[in-house]
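Data block below; observations after.
The values are calculated or read from the model by the stated rules, or taken from the named source; none is laboratory data. Being a predicted model, the structure only gives us computed values, none of them experimental. Every residue, glycine as well, gets a Cβ built from its backbone with ideal geometry; the counts of neighbours run over all protein chains shown. Each accessible area value is taken on the protein alone, full model and side chains, heavy atoms only, with ligands, DNA and RNA left out. Shrake-Rupley method; radii C 1.70, N 1.55, O 1.52, S 1.80 Å.
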Amino acid sequence: MWTLSCAIPVAYPANSVRVSMPSVKVPSSSQISFQHNESPFVPEVVKAVDSLHSEFRAVDNLVACNTSRVLKAFQNARLGSHHFSGSTGYGHDEAGGREALDQAFAEIVGAESALVRSQFFSGTHAITCALFAFLRPGDELLAVAGAPYDTLEEVIGKRDSNGLGSLKDFGVEYREVPLAEDGGLDWDCLMHALKPHTKCALIQRSCGYSWRQSLSVNEIGRAIKMIKMQNPNCLVMVDNCYGEFVESIEPPAVGADLIAGSLIKNPGGTIAPCGGYIAGKKKWVEAAAARLSAPGLGIDCGSTPGDVMRAYFQGLFLSPQMVGEAIKGAFLIAEVMASKGYKVQPLPRVTRHDTVQAVQLGSRELLIAFCEAVQRSSPVASYTKPVAGSTPGYASEVIFADGTFIDGSTSELSCDGPLREPFAVYCQGGTHWTQWGLVLGEVLKHI
């Protein structure tokens, strides 16, 4: 043993009380029981990590690039601690940082304007406000990347909303461009897909619950050019969920009129407690704001408590790092599960365009077992067992494993999937790739 003394000589006032600090005994390095050659990971994970060095290094470079643009935007907005004060009531005027947050967010995603609000319930809510900003009776909505995410089906009217106000209820027509056989956009079909009354083209960046490739920003840009060539008046809306900070640019940089997403996904940095965003052309952001609130109120209203406002700024600053860890986790999942013979999407070591990693498990039992293993490995509610059931907005039974600090914050680390063929589980998030390294050990024990 060697001894570290905490007694530090200081000059005390004459009438002060002196406290003697006890000595602390510290074990020598030879007596520390931790063995550096012991790994917390199962062999399959260790092997995968060793093989992913170059991919992890590339992700680190992406994180640095995206952190740089977030930092620059915060500096340009002259962010100060006074912006964390929040607001109450109507939230008039600058409202404790709201204007600075909108300005910074718009710059980060390359948009004219942005609306970042706690009043958005979810990504679906933000996307809905954007669609209703664009579309009027007699217009057509065209989904160019196959079927949209399940929760948009009732918004569109593809699934009956029971007269509660879907786009179909308001006289908006709807069509889809099916995906190509390889799971990507059908470019030949898209070349001739638009009609004169096609007012809005919806592009879903992430795979959703479809076994397909997620879209790169370059592919989105190519699609936008095709759309605008056929109908210059057609507006393009990009569902940007799970895509933020996965590349060095966002869809507004390649011509998207609006993008929308959730703050409890990528751009909230795992600490934003709620909310969503819309960003893009100023005219259409204001139209979406009128849908969120009411015509005439504009974007200069809506209060946000101070603790939430601080979390938004801090979460946005952390987002590139958190997304980077999620991408590393996705690489690791693909590498390990593919080595066990499971189909994965994207394939191992393929460049990522969102933070979702899908694994085709092939049966209801294996899908449930996978989600149960993830839940057991979660920091919150690890003692509970996820149960498949009906969830508002979803057509099929869905099972979720999300032992997260913020309800529904899939960016923390989660997985879910619909109980239908091909029984694929969709994994996302992770505040550090080592979380998935530990989770995979538990998964491999039970599937």
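What the table shows:
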quantity: The range 69-316: relative contact order in percent, alpha carbon pairs under 8 Å with at least 6 residues between; calculated: 30
quantity: Å² of accessible area per residue within the chain, as computed with a 1.4 Å probe and no ligands counted; calculated: 46
quantity: Residue of 334, 201, 180 that the Gaussian network model of the chain assigns the largest fluctuation, springs spanning Cα pairs under 10 Å; calculated: 180
quantity: GNM flexibility winner over the chain from 197, 83, 125 (Cα, springs under 10 Å); calculated: 197
quantity: Within the range 230-366: Cβ-based charge dipole about Cα centre, in debye rounded to nearest 20 (Lys, Arg +1; Asp, Glu -1); calculated: 240
quantity: Long pairs among 72/195; 72/283; 281/328, criterion Cα-Cα beyond 30 Å; calculated: 72/195; 281/328
quantity: Hull shadow area, averaged, the range 230-312 [alpha-carbon convex hull, nm²]; calculated: 6.6
quantity: Share of carbon and sulfur in the accessible heavy-atom surface of the chain [1.4 Å probe, %]; calculated: 56
quantity: Relative contact order (%) - criterion: Cα under 8 Å, at least six apart; region: the chain; calculated: 17
quantity: Gain upon complete extension [residue 169, residue 57; 0.36 nm per residue less C-alpha separation]; calculated: 35.3 nm
quantity: Rounded to the nearest 20 debye, dipole of the chain from Cβ charges on Lys, Arg, Asp, Glu; calculated: 640
quantity: Ordering of 338-347, 379-388 by packing [mean C-beta count within 10 Å, highest first]; calculated: 338-347, 379-388
quantity: The chain: antiparallel DSSP beta bridges as a percent of all, rounded to 5; calculated: 65
quantity: Options 116, 104, 288, ranked by Cα towards positive dipole end of the range 69-316, top entry (Cβ charges); calculated: 104
quantity: Reference-scaled alpha-carbon Rg (2.2 N^0.38 Å with N residues) for the chain; calculated: 1.09
quantity: Sorted peptide list for 221-229, 275-283, 149-157, criterion being average Cβ within 10 angstrom, highest first; calculated: 275-283, 149-157, 221-229
quantity: Antiparallel bridge percentage (DSSP; both residues within the range 69-316; nearest 5); calculated: 40
quantity: Equivalent ellipsoid dimensions for the range 177-242 as semi-axes, Å, which come from the Cα gyration tensor, largest first; calculated: 20, 13, 10
quantity: With DNA, RNA and ligands ignored, accessible area of residue 323 (1.4 Å probe; Å², nearest 10); calculated: 0
quantity: Stretch gain in nm, segment residue 291-residue 187, where the contour uses 0.36 nm per residue and the Cα spacing is subtracted; calculated: 34.2 nm
quantity: Kirkwood hydrodynamic radius of the range 127-247, from inverse mean 1/r over distinct Cα pairs, in Å; calculated: 14.5
quantity: Positive-pole candidate from 157, 125, 183, dipole of the range 116-201, charges at beta carbon; calculated: 125
quantity: All-pairs alpha carbon distance profile, the range 69-316, 5 Å steps from 0, percent; calculated: 1, 7, 14, 19, 20, 16, 11, 7, 4, 1, 0
